[in-house]
């Protein structure tokens, strides 16, 4: 057989097989259920995003699977992250949404090595629907009105876990700005933190997502029940021009680079991902579905009604951030590790 006839035969065979393969691929999710797992208790910011996404995601996936939200709180998202890497099915039927800080935690040594059973660079990152920024907030009766006041008076802030951003950010502030924040950990989610803040059980939150504040307690901002003392992210939010940004308080270029590494996960907002090993074509299908959700008029209306801040970031961009974080220079990583150490912070667990 001539080379040209051989090529023609192969093309014909592929043309015959491809539609059947494509149809089988497209029908993988037919009559199936996708678990959308959240690393926190119901009622918080992560959970709110997951439940609204779940209303629309299935219709944008070929086969129109049912999307079921399940909560797996534990170790501030680490339990779910380890589960996704080690035990979750690697077929695209389980999607996770959990602590964005876990993308940088191994590199910065925020988690003891023996408890880390995942490599963030090997997850298949799907999308983020909320480029985030956190805020340091205090009750208006806490006796502090500025960052300077926090260097003279100790206040108690609540956190979901010792490696959560709402715990790590107070460590950073204490180390860099000489504030006197005491951290109490053990709250299952931000809904529990807001209740503790309302009761006066804690006096502040050292890293509360601005989008969550707008969803959960916009009246507190409007009525000045809480004071916004510091923005914790890579750039200022346009609605918070008068609130200082922590990067602008860096004293040297090295400090600024280290802070950029620490706060890079803020840009990841609420990251959705699947385990390593899922067939790439299925991962691409899910990425496309999330992009479609972001443009779905129904989703936009539901997000607006729930006062969710939506700013879509695709999976490729998420993957790039994760790789940049984990490929940072040794100098930046070492300084970032130093700044995030909790040795200068009084930390205790919430009484059960």
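The values are calculated or read from the model by the stated rules, or taken from the named source; none is laboratory data. Being a predicted model, the structure only gives us computed values, none of them experimental. Cβ sites come from the backbone with ideal geometry, for glycine too, and all protein chains shown count toward neighbours.
Structural remarks
- Among the criteria (1) surrounded by 18 or more Cβ atoms within 10 Å (Cβ to Cβ); (2) free of Cβ contacts under 8 Å to residues at least 60 places away in the same chain, the one residue 246 does not fulfil is (2).
- For segment 224-235, the set of residues classified as farther than 22 Å from residue 40 by Cβ and more than 19 Å from the chain's Cα centre (by Cα) consists of 224, 225, 227, 228, 229, 230, listed by residue number.
- With respect to the conditions (1) in the same structural domain as residue 102 (by TED's automatic domain parsing); (2) out of contact with any helix residue (DSSP H, G or I) (no Cβ under 8 Å at 6 or more places or on another chain); (3) within 25 Å of residue 161 (Cα to Cα), residue 343 falls short on a single one, namely (1).
- Of the residues making up segment 299-352, those that are assigned to a helix (DSSP H, G or I), touching a residue at least 40 places away in the same chain (Cβ under 8 Å) and over 30 Å from residue 56 (Cα atoms) are 324, 325, 331, 332, 333, 335, 336, 337, 338, 339.
- Within segment 41-62, the only residue that satisfies the criterion of being under 15 Å from residue 95 (Cβ atoms) and not in a helix (DSSP H, G or I) is 61.
- Filtering segment 230-239 to residues that are within 16 Å of residue 165 (Cβ to Cβ) and not in a loop (DSSP other than H, G, I, E, B) leaves 230, 231, 232.
- Count of segment 99-127 residues which are under 15 Å from residue 267 (Cβ atoms) and either assigned to a loop (DSSP other than H, G, I, E, B) or in the same structural domain as residue 218 (by TED's automatic domain parsing) (or both): 2
- Tally of residues being in a loop (DSSP other than H, G, I, E, B) and farther than 17 Å from residue 231 by Cβ across segment 135-146: 4
- Spans of helices (runs of 4 or more DSSP H) in segment 147-223 with at least 1 residues surrounded by 24 or more Cβ atoms within 10 Å (Cβ to Cβ) and either touching a residue at least 12 places away in the same chain (Cβ under 8 Å) or within 21 Å of the chain's Cα centre (by Cα) (or both): 147-150, 165-177, 190-199, 210-216
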